[in-house]
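Take a look at the structure below.
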Amino acid sequence: MAQKLLLIDTDCGIDDAQAIMMALAEPTVKVVGITCCFGNTTVDYVCQNVVKVLSVCERSEIQVFRGACCPLVGGKNDFTDHFGTDGLGDVLEDRDSEVWKDKIQKEHAALAMIRLASENQGKISLVAVGPLTNLAMAVRLDPTFPRNLKDLYIMGGNMEGKGNMTPCAEFNFVMDPESAYVVLEEYLCPTHIATWEFTCRNTLPWWLEIPLDAFTYMVNQDTAAAKFMKLITSKCWAFSKTFGENNRDVHFGQGFVPYDSFAVAACIDQRTVTDSIQCPVRVELQGSLGRGMLALDPTNMLKKSHSASVMKSCDQTKFCKLLMASLNQP
């Protein structure tokens, strides 16, 4: 059976690194390229982080493309420091090396997207796990680009009006609301969205049937990927666990949330999603509180001709198997 072709667009922080590893570990998938966007950190750090992940997994043959350094409209947004200044926990010792620059292709990420989709019409699944700026740029450069995709998977937005950056908006969308709006209005290919609430409602419990929490069990595998994940999460893991336990009403329960991996898992195996709602969606661009919020429209009051599949629940057994495999490499 032919491998599924994946193109990953990322703002590579820690959860992005986990998601990329999941795609790399799956034998039914071929990653045809990784495009980089600002978000968790600067686009240069993002490129550097992707190159590092590929090196750890011994997959440096995969091409990496530099993309947007700021939103489509307006000035630069402030970066979150949740994953450290560099997006990977500020723990890597070889940050002064310039070798990574030789690994970045000269072609801009948006142009690479257009070219790869044109060369593989109807075969590429695009998985976007950062701000959607590169995707918006691609459709502005070539309005036919989305129709050349097989489908689109997004980690971003929200489905209940609960935010993690503002009271109503999720990080990836609020970092560039205009781009999120453009993508969800103009990409007519099948679109699947893993919202922030969906990922939080499917948190993985800290405790398994073994006397270790699930996260510790995974990162203590004797592999390069697991050791790398243990390193880059060494500073933020304890904080995340304590924060989740102390904010159960916000985060829907205790557990850890590999946010971006949910979108990759759904792309790899749609059976990981056990329930979803198919409806029109739109990104709100106005207001001091609502800007960047994803609005669902089950009754199609917007009179849109296309809709998106918004994930609601997950098969955690299938998901955990993919997550475990992601760190069992190279």
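The values are calculated or read from the model by the stated rules, or taken from the named source; none is laboratory data. Keep in mind the model is a prediction, meaning the values are calculated, not measured. With ideal geometry, Cβ positions are generated from the backbone for all residues, glycine too; neighbour counts draw on all protein chains shown.
Here are the numbers:
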item: Pair list, Cβ < 8 Å and 6+ apart or interchain, from segment 308-326 residues that are more than 30 Å from Asp297 (Cβ to Cβ) and touching a residue at least 24 places away in the same chain (Cβ under 8 Å) to residues that are of a type in the set (Asp, Glu) and buried (at least 16 other Cβ atoms within 10 Å of the Cβ); result: Leu322/Glu26; Leu322/Asp269; Ala325/Glu26
item: Of all residues making up segment 159-192, the number that are at pLDDT below 95, more than 9 Å from Gly292 (Cβ to Cβ) and of a type in the set (S, T, N, Q); result: 1
item: Among (1) at pLDDT 95 or above; (2) more than 19 Å from Ala226 (Cβ to Cβ), the one test that Arg95 misses; result: (1)
item: Some residue of segment 84-99 being crowded, with 17+ Cβ neighbours inside 10 Å and within 16 Å of the chain's Cα centre (by Cα); result: yes
item: Candidate set: segment 12-34, residues that are closer than 15 Å to Asp260 by Cα and not in a helix (DSSP H, G or I); chosen: the one farthest from the chain's Cα centre (by Cα); result: Ile34
item: Complete set of residues in segment 109-168 that are of a type in the set (D, E, K, R) and either in contact with a Ser or Thr (Cβ under 6 Å, 6 or more places away or on another chain) or part of a loop (DSSP other than H, G, I, E, B) (or both); result: Lys123, Asp142, Lys150, Asp151, Glu160, Lys162
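Yes or no, residue by residue, for (1) more than 21 Å from the chain's Cα centre (by Cα); (2) farther than 21 Å from Leu184 by Cα; (3) at pLDDT 95 or above:
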site	(1), (2), (3)
Phe65	no, yes, yes
Asp81	no, yes, no
Ser118	yes, no, yes
Val129	no, no, yes
Arg140	yes, no, yes
Pro146	no, no, yes
Lys150	no, no, yes
